[in-house]
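The values are calculated or read from the model by the stated rules, or taken from the named source; none is laboratory data. This structure is a prediction, so every number in the text was calculated from the model and none was measured. Positions of Cβ are backbone-derived with ideal geometry, glycine not excepted, and every protein chain shown enters the neighbour counts.
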Amino acid sequence: MLEILQKSWRPALEILILAVGIYYATRFVRGTRGWPVVIGFAVLLLALALVTVVLDLRVLRWILINATVFIILGALVVFQPEIRRILAELGNLPLFGTAHEQRENIEVVVQTCERLADVRIGALIAIEQSIQLQEAVESGISVNCEATPEMLETIFFPNNAIHDGGVLIKGDRITHAACIFPLTQRQDFHKSLGTRHRAAIGLSEETDAAVVVVSEETGAISYAYKGQLVRGVTAETLRAFLTSLLVQPAKSRTWLAWLRSRMAERPSPGPVVVTKNEIRPAPPASGK
């Protein structure tokens with residue numbers, strides 16, 4: 001019995017490691033832009049493998065066995081934005097000096113969105129974290145001024161020369177305005193979703209930025225993070241989300257805490273979540 005255990009513990013450990021790796025890899029790619037590619041490619045590989053086994057096609061079997069390197073390279077290309085975002089989070093450092101400063105910067109964004117929503121002026125604000133946003137946008141005008149509600153309102157005021165496009169915020173500074181964000185390539189969103197919201201999703205897919213949107217048509221406030229769009233939030237919900245994301249804890253996060261946060265589900269949705277070809281209301285929060 002002891003001899004059997006000594007011979008079988010290594011294969012069992014390898015199977016366990018592979019199972020855990022496949023499980024978390026599946027959770028990682030689920031819901032990303034490359035998820036349909038993974039499904040289609042997996043179906044194609046399974047079909048080819050079945051054909052080679054049934055018909056004993058030795059040349060095709062040899063090609064499939066030796067194509068592992070190319071499959072890995074293809075995965076790196078397809079999931080390049082997600083991989084870059086995770087690697088950047090490994091070295092993520094607080095952008096702001098203290099929690100008090102962070103909350104002040106959050107309040108600037110929240111107050112701006114409240115004021116613009118009341119008068120139905122559209123806005124698109126990206127808050128930079130560890131990945132530099134200037135590398136992800138196609139254009140923009142350097143502003144480099146202090147972030148205040150008044151300045152943001154001035155930028156987004158209709159007929160202003162730089163009102164069209166997005167604004168980049170880093171710390172307590174507005175770095176660029178009139179930026180063109182990359183649009184999401186996903187097709188599973190509702191057709192009524194506007195360009196601002198698609199741009200917010202696109203930038204959040206490629207970076208770790210939090211992108212806040214104010215709809216010009218309805219005055220609704222939304223935010224996008226890691227490819228997920230939450231629509232129709234209140235100022236309190238937006239403040240809570242930005243605080244949980246941007247306010248750094250007193251202690252530095254350990255590797256274990258970072259790993260747990262990566263394996264956790266995506267941020268909890270607010271009043272309305274855009275996922276598939278519909279807009280569905282989220283369950284009401286229980287009041288205290």
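So the values come out like this:
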read-out: The stretch 196-237: number of residues that are in a helix (DSSP H, G or I) and not basic (Lys, Arg); value: 12
read-out: The stretch 85-117: number of residues that are modelled with pLDDT under 85 and buried (at least 16 other Cβ atoms within 10 Å of the Cβ); value: 6
read-out: Members of the stretch 225-240 found to be at positive phi and free of Cβ contacts under 8 Å to residues at least 24 places away in the same chain, listed by number; value: none
read-out: Every residue from the stretch 1-55 that is at pLDDT 75 or above, surrounded by 11 or more Cβ atoms within 10 Å (Cβ to Cβ) and not aromatic (Phe, Trp, Tyr); value: ILE39, LEU45, LEU48, ALA49, VAL51, THR52
read-out: Exclusive hit being in contact with a Lys or Arg (Cβ under 7 Å, 6 or more places away or on another chain), of a type in the set (A, V, I, L, M, F, W, C), within 19 Å of TYR223 (Cα to Cα) and touching a residue at least 40 places away in the same chain (Cβ under 8 Å), set LEU124, LEU168, LEU133; value: LEU124
read-out: Matching entry among ASN144, ASN159 (being closer than 19 Å to VAL109 by Cα and surrounded by fewer than 14 Cβ atoms within 10 Å (Cβ to Cβ)); value: ASN144
read-out: Those residues of the stretch 118-139 which are surrounded by fewer than 19 Cβ atoms within 10 Å (Cβ to Cβ), under 22 Å from the mean Cα position of the chain (by Cα) and not in a loop (DSSP other than H, G, I, E, B), in sequence order; value: GLN134, GLU135
read-out: Within the stretch 140-194, considering residues that are β-branched (Val, Ile, Thr), in a loop (DSSP other than H, G, I, E, B) and closer than 23 Å to ASP208 by Cα, the one nearest to the chain's Cα centre (by Cα); value: THR184
read-out: Sole residue being polar (S, T, N, Q) and either modelled with pLDDT under 90 or more than 24 Å from GLU104 (Cα to Cα) (or both), chosen from THR237, THR254, THR243, THR154; value: THR254
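Yes or no, residue by residue, for (1) over 14 Å from the mean Cα position of the chain (by Cα); (2) crowded, with 17+ Cβ neighbours inside 10 Å:
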residue: GLU206; (1), (2): no, yes
residue: SER215; (1), (2): yes, yes
residue: THR218; (1), (2): yes, no
residue: ALA224; (1), (2): no, yes
residue: LEU238; (1), (2): yes, yes
